[in-house]
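Participant: Quick one: the structure is below, and I'll ask about it shortly.
The values are calculated or read from the model by the stated rules, or taken from the named source; none is laboratory data. Keep in mind that what you see is a predicted model, and the values were worked out from it rather than measured. Because the Cβ atoms are built from the backbone with ideal geometry, glycine has one as well, and the counts that use them run over all protein chains shown.
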Amino acid sequence: MSAAASAYTPSMSDDAVKAKTGKTWPEWFAALDSADGKNKSHKELVAILHEQHGVGSWWQQMVTVEYERARGLRAVNQKCDGDFSANISRTVNADLSEMYQAWADEKQRATWLPEKLTVRTAREDKSIRGAMPDSTSVEVLFYAKGEGKSQVTIQHNKLADSADVFQRKEFWKERLDKMTALLTEKS
């Protein structure tokens, strides 16, 4: 194993991956190296795990992404298309419909999100997908978390790099703080 590969720390322990897949990270990395993994696409690596090793679909993705990161083929928060993505979530003491309306109602949204979000699709109390002024895309999902509680998750896509991911996470933390304050004022 190269020095760069041995310096990489996967997001999950060897014990956890071995319990679910039968192999540790070094064993998976060696198996994919022997299949010329460094020269394969993400899709080709997933196919190897499925066809040659019988790995389940979730684990195919997990092992492939960790391999790509370990071999310097992909950075953290980078998708297989090369773009980066920032994820953030927040659970709030507000009903699901109130949380959804804070996003869906343009006037309400403008009180805590001054940047224009162009909504492309919306499913009431479920999701909103849209675009920011800089042509990045945002996927927002809503979940009930018990009586008077709900969760929002945001995936901000088409980001340039890791620094952009960090900035967008900070941006969304600030926006969600404002949204949370407004929702808890109403309660």
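Participant: Only one of these is surrounded by 14 or more Cβ atoms within 10 Å (Cβ to Cβ), closer than 18 Å to LYS79 by Cβ and in the same structural domain as TYR8 (by TED's automatic domain parsing): THR64, THR21. Name it.
Facilitator: Values: THR21 fails: closer than 18 Å to LYS79 by Cβ.
Going through THR64, THR21 in turn, the sole match is THR64.
Participant: Within region 4-29, can you find the residues that are without any contact (Cβ under 8 Å) to a residue 24 or more places away in the chain and over 16 Å from GLY54 (Cβ atoms)?
Facilitator: Residues satisfying the conditions are SER6, ALA7, THR9, SER13, ASP14, ASP15, ALA16, THR24.
Participant: Could you please find all residues in region 22-43 being over 25 Å from the mean Cα position of the chain (by Cα) and among the hydrophobic types (A, V, I, L, M, F, W, C)?
Facilitator: Correct list: ALA30, ALA31, ALA35.
Participant: Yes or no: PRO114 without any contact (Cβ under 8 Å) to a residue 12 or more places away in the chain and exposed (fewer than 13 other Cβ atoms within 10 Å of the Cβ)? It would help to see each step written out before you state the result.
Facilitator: Working: without any contact (Cβ under 8 Å) to a residue 12 or more places away in the chain: yes; exposed (fewer than 13 other Cβ atoms within 10 Å of the Cβ): yes.
Yes; evaluated as a whole, the condition is true for this residue.
Participant: Got a sec? Which strands (runs of 3 or more DSSP E) wholly within region 120-185 have at least 1 residues that are not assigned by TED's automatic domain parsing to the domain that holds VAL92?
Facilitator: Numbers: elements: 127-131, 137-144, 150-159.
The strands (runs of 3 or more DSSP E) meeting that bar number zero.
Participant: If I go through region 67-95 residue by residue, how many of them are part of a helix (DSSP H, G or I) and surrounded by fewer than 20 Cβ atoms within 10 Å (Cβ to Cβ)?
Facilitator: We begin by selecting, within region 67-95, every residue part of a helix (DSSP H, G or I); these are 67-70.
Among the residues that remain, those that are also surrounded by fewer than 20 Cβ atoms within 10 Å (Cβ to Cβ) are: 69.
Here the count works out to 1.
Participant: Is there a residue in region 44-54 that is loosely packed, with under 12 Cβ neighbours inside 10 Å and under 20 Å from the mean Cα position of the chain (by Cα)? Can you show your working first?
Facilitator: Residues of region 44-54 loosely packed, with under 12 Cβ neighbours inside 10 Å: 51-52, 54.
Applying the additional criterion that residues be under 20 Å from the mean Cα position of the chain (by Cα) yields none.
No, region 44-54 has no match at all.
Participant: Continuing with the same structure: Just name the residue that is modelled with the highest pLDDT out of those in region 32-66 that are in a helix (DSSP H, G or I) and hydroxyl-bearing (Ser, Thr, Tyr). Break it down stepwise before answering.
Facilitator: Pass one, region 32-66, residues in a helix (DSSP H, G or I): 32-34, 37-39, 42-53, 57-66.
Within this subset, residues satisfying the condition of being hydroxyl-bearing (Ser, Thr, Tyr) are 34, 57, 64.
Values: SER34: 95, SER57: 91, THR64: 92.
Of everything passing the filter in region 32-66, SER34 is modelled with the highest pLDDT.
Participant: Condition test on VAL119, is it surrounded by 14 or more Cβ atoms within 10 Å (Cβ to Cβ) and over 16 Å from ALA94 (Cα atoms)? Lay out the reasoning, then the answer.
Facilitator: Values: surrounded by 14 or more Cβ atoms within 10 Å (Cβ to Cβ): yes; over 16 Å from ALA94 (Cα atoms): yes.
Yes.
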